[in-house]
Amino acid sequence: MTGQYPNLSDLQSRPLRYWNIDGLPELMMGLVWILWGGSFILGESLPKGTARNVFWMFIPAILCLSGVASNWAVKRLKERITYPRAGFIEMKQPGGALRLATAAVAMVSAAALAALVVRARAAGIQTMISPIFGVLVSLAFLVASVRMKAPHYLALAGLSLALGLAFGAFQLGWESLNYLFLALGAVCSLAGAIRLALFLKRHPAGAAE
Amino acid sequence: MNDLDRLIHEPARLVVVALLHSVQQADFLWLLRESGLTKGNLSSHLAKLEEGGYIKVEKTFRGKIPLTLLELTPPGRAAFESYRKSMTGLLSKGGTRR
């Protein structure tokens, strides 16, 4: 500490950056995407019949539960790995207005996605689905990189865009999205695993109070 | 300048309060890492802030390891917000004078 006046904005953004210190969020997000891509590919490969219909009935539940489960797993893993090594924080609970805004954005996004899927067959959008998804994921990583001051998210943004465009070039239609999920999942998991290994190296066990 | 809260105005304590303002609750270890203070220095600043009623200190255990949880009290939050407002006002006044 020096006598200099502290940068309050920088201090206030520390918790958000701390959430990404260990690579666990990327690792879990990557695993969820691999699960999604894998489930879609498995569903497509099943022969037409009862088994296939039953499998597709479970897909929405798999999608929803995997999101909730990954969030839960990140929290539990942080309790075991991150907090004993680098300290514990409990994030501030978002206010009512923010919760409402987030719910509104989620509903609009879901409606837009549903509209896109319904109109896709007529408009031939399925050939563009991978590049569109690649651009959206890339933008999300870009925003996260700026907000969390995390340069590695910039690299993930670039890779997402490149993968989206590459899978779009194969002209596989909806199937390209499945492979894109697998590839994005592999890239994110790898990035998360590397960051976790670095975190464990920098913060050996026993660095408690 | 006299209106500024002297308990918060000290740079090290300002860092501690700003960090605690950005979270619901944090432990000593996180605050130690993020503030860059020494253990003794941080402890003495925390004691002053607790004495002033700005933070709540809870001593507990995680398994067998002692854990010190720190939280800004409502008066502490209000004091930091008022301090930040005053500083922004002072800085903008300084900017217009130039």
request  = Quick one: check the C-alpha center-to-center distance for segment B:9-59 versus segment A:133-209, whole angstrom.
outcome  = 35
message = Using a 1.4 Å probe on the protein heavy atoms, what percent of the accessible area of chain A belongs to carbon and sulfur?
response = 72
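Given N residues in the protein assembly as shown, what is Rg(Cα) / (2.2 N^0.38 Å)?
Values: Rg = 24.0 Å, N = 307, 2.2 N^0.38 = 19.4 Å.
The reported ratio for this selection is 1.24.
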ask   = Got a sec? What order do B:Phe61, A:Phe133 fall in by accessible area at 1.4 Å, biggest, i.e. largest, first?
value = B:Phe61, A:Phe133
Relative intensity, log₁₀ I(q)/I(0), of segment A:1-96 from a Debye sum that treats every alpha carbon as a point, q = 0.11, 0.16, 0.25 Å⁻¹ = -0.53, -0.83, -1.26
Computed log₁₀ I(q)/I(0) - Debye formula, equal Cα scatterers, no solvent, segment B:22-92, q 0.11, 0.12, 0.19, 0.20 Å⁻¹ = -0.32, -0.38, -0.85, -0.92
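Within segment A:135-209, which trypsin sites (Lys or Arg not before Pro) sit in a loop by DSSP and count at most 14 neighbouring Cβ atoms inside 10 Å? Present the calculation step by step, with values, prior to reporting the outcome.
Working: sites: A:Arg147, A:Lys149, A:Arg195, A:Lys201, A:Arg202; in loops: A:Lys149.
When the trypsin sites (Lys or Arg not before Pro) of segment A:135-209 are filtered for loop state and at most 14 Cβ neighbours within 10 Å, A:Lys149 remain.
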task = Enter the buried accessible area of the B/A pair, total of both sides, probe 1.4 Å, in Å² rounded to the nearest 100.
result = 2600
Nearest-10 value in Å² for the accessible area of A:Met28, using the 1.4 Å probe = 30
ask   = Mind checking the angle between helix B:39-51 and chain B's longest principal axis? C-alpha axes, 0 to 90 degrees, to the nearest 10.
value = 70
message = For a Förster distance of 51 Å, can you work out the FRET efficiency between the beta-carbons of A:Leu63 and B:Glu50, rounded to the nearest 0.05?
response = 0.60
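When the accessible area of chain B is computed with all protein chains present and a 1.4 Å probe, what percentage of it is carbon and sulfur? Don't skip to the end; give the middle numbers.
Numbers: 2870 of 5300 Å².
Carbon-and-sulfur percentage of accessible area, whole number: 54.
The values are calculated or read from the model by the stated rules, or taken from the named source; none is laboratory data. Keep in mind it's a predicted model, so treat the numbers as computed, not measured. Methodologically, a virtual Cβ is constructed for each residue, glycine included, from the backbone with ideal geometry; neighbour enumeration extends over all protein chains shown. Note: areas computed on protein heavy atoms with side chains; ligands, DNA, RNA excluded. Shrake-Rupley method; radii C 1.70, N 1.55, O 1.52, S 1.80 Å.
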